[in-house]
Amino acid sequence: MNLHEYQGKELLKSYGVTIQEGIVANTLQEAEAAYKKITEQSGSKFAVVKAQIHAGGRGKGGGVKLVKSMEDLKEKAGSILGMMLKTPQTPGGMEGPGKKVNKILIAEDAYIPNPDACEEYYMSVLMDREKKCNVIIYSTEGGVDIETVAEETPHLVHKEYVDPTLGLQPFQARKVAFNLGLSGKAFKEMVRFVTALYKAFVGSDASLFEINPCMKNGEGRIIAVDCKVTLDDNALYRHPNLAEMRDKSEEDPTEVEATELGLNFINLDGNVGCMVNGAGLAMATMDMIKLSGGEPANFLDVGGTADAKRVEQAFHIILKDPKVKAILINIFGGIVRCDRVAQGVVDAYKNIGNIQVPIIVRLQGTNADLAKEIIDGSGLAVKSAILLKDAAELVKRALGE
């Protein structure tokens, strides 16, 4: 689950991380009140208006603007609120439809009192699955795409691996500060910052914390100027307060509906819909679709209870995608019997009616032969297979029709 910048900053602050203060606004009137309060607190007429959407690169699309007065605030906040913001990370990139901005953050001028003395760094915490430990990735090159830095100047990207059973050790936090070239007050501030950031990462069961830029201001304070947070959905039951931060308007509506139905679904860009039971089988099915000349349109795992109702719900979800030209149902009958799944497919097909795309069903396992008889004898435009290669061939033919 992704958080908005303002939500991520609230989370960081609760763990003692110093942040760029700000006030979220849903209307222009709220933005004006927020600007007045923020400038009074900071003592500067400068503030930053930031679009709050679940995507990076907001500045490139015009979603982050500096304001210098109330009139400036009204003009720029008014232009951002309600706009369809396009960034490299919104659906379709800069050529896509973008995302509507429903909220903005009015943030303080973090560069006072001495902008020339400020320095920007990059910092993130995530899990390294290969090394089976957490890793802090950091660089002196903050405020820019870390991917570009890693590609062009890899020696400027540092990694500090943390054993999750031991936690972040004091010498590791000092090492981060040292590699960033800090000394004196800024060194101590960075040690405290890194320690609190890692504590927030572990304490919230996050899968990613990214601070870019992480800034040293003119007074030597270390501040999180931006914040990207991704939480582990599987751990949200332990954090009801964080689960309440979910903004479903920022998520794919079909994925939200599938989640509410208990289906594991991820929308993709292909033309062949997938319905399987089991994540491993789903990956193998998507590989087979690509080998047959198609592209997976989704990842959909119906789980171990693939009854008629669940199959019908899955059909509805897949058919919402106009790009789908064929549907491949690939079920391994272990706990669930294949003949019951087959009857579920037939019943779902009849209930939905008027399905215009070819459907290929591959059932393997308990009562697979009986399941094939049910599909073949249904009189419906559903083709069956037992072997995966046969199903792939049927998909290939369907796409060629």
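A short reminder: the numbers here are calculations on the coordinates, not readings from a lab. Computed from a prediction, not measured in an experiment: that's the story for all the values here. Reconstructed Cβ throughout: ideal geometry from the backbone, glycine too, with neighbour counts over all protein chains shown.
For the chain, the residue among ALA196, GLY294, GLY62 whose Cα projects farthest onto the positive side of the dipole built from Cβ charges is ALA196.
Each other residue within a Cβ distance under 15 Å of ALA173 adds +1 if Lys or Arg and -1 if Asp or Glu, for a net charge of +3. A prolate overall shape is assigned to the stretch 308-380, the ratio a/c of its alpha-carbon gyration tensor axes (a ≥ b ≥ c) being 1.5 or greater and a/b exceeding b/c. Taking the square roots of five times each eigenvalue of the Cα gyration tensor of the stretch 1-127, the equivalent ellipsoid has semi-axes of 22, 20, 14 Å, listed largest first. Enter the angle in degrees (range 0 to 90, nearest 10) between the Cα long axis of helix 5-14 and the first principal axis of the Cα atoms of the chain, meaning the one along which they spread out most. For helix 5-14, the angle is close to 60 degrees.
Report the calculated FRET efficiency for ASN354 and ASN26 (r = Cβ-Cβ distance, R0 = 45 Å), to the nearest 0.05. The pair ASN354/ASN26 has a calculated efficiency of 0.60. For the stretch 120-277, the relative contact order is 19 percent, taking Cα pairs closer than 8 Å that sit 6 or more residues apart in sequence and dividing their mean separation by the residue count. So, in Å, what gap is there between the alpha-carbon centers of the stretch 207-222 and the stretch 374-393? Centre-to-centre distance over Cα atoms comes out at 57 Å.
Going 7 Å from the Cα of THR148 in the Cα-to-Cβ direction, what parts of the stretch 210-235 have a backbone nitrogen less than 15 Å from that spot? Within reach of a label on THR148: 213.
Quick one: check the C-alpha center-to-center distance for the stretch 50-95 versus the stretch 133-206, whole angstrom. With the stretch 50-95 and the stretch 133-206 each reduced to a Cα centre, they are spaced 29 Å.
A crude spin-label estimate for the pair ASP247 and LEU370, with each label 7 Å from Cα along the Cβ direction, gives 5.2 nm.
From the square roots a ≥ b ≥ c of the eigenvalues of the alpha-carbon gyration tensor of the stretch 113-265, which class results: rounded (a/c under 1.5), prolate (a/b over b/c), or oblate? Here the stretch 113-265 falls in the prolate category. Here the spin labels are modelled as points 7 Å beyond Cα on the Cα-Cβ line, and at LYS188 and ASN264 they lie 4.9 nm apart. Across all directions, the average flat footprint of the convex hull enclosing the Cα atoms of the stretch 47-112 is 4.2 nm². In summary, the lysines within cross-link reach of LYS68, defined as a Cα separation below 18 angstrom excluding same-chain residues under 8 places away, comprise LYS36, LYS37, LYS45, LYS50, LYS76.
Largest first, the extents of the alpha carbon coordinates of the chain on the three principal axes equal 79, 49, 40 Å.
For the chain, adding -39500 (n - 2.57) for each run of n ≥ 4 DSSP H residues and dividing by the number of residues yields -11000 deg cm²/dmol at 222 nm.
Computed FRET efficiency, Cβ-Cβ of LYS68 and LEU126, R0 45 Å: what is it to the nearest 0.05? Using R0 = 45 Å, I get an efficiency of 0.80.
The angle between the Cα long axis of helix 338-352 and the longest principal axis of the Cα atoms of the chain comes to about 80 degrees, rounded to the nearest 10.
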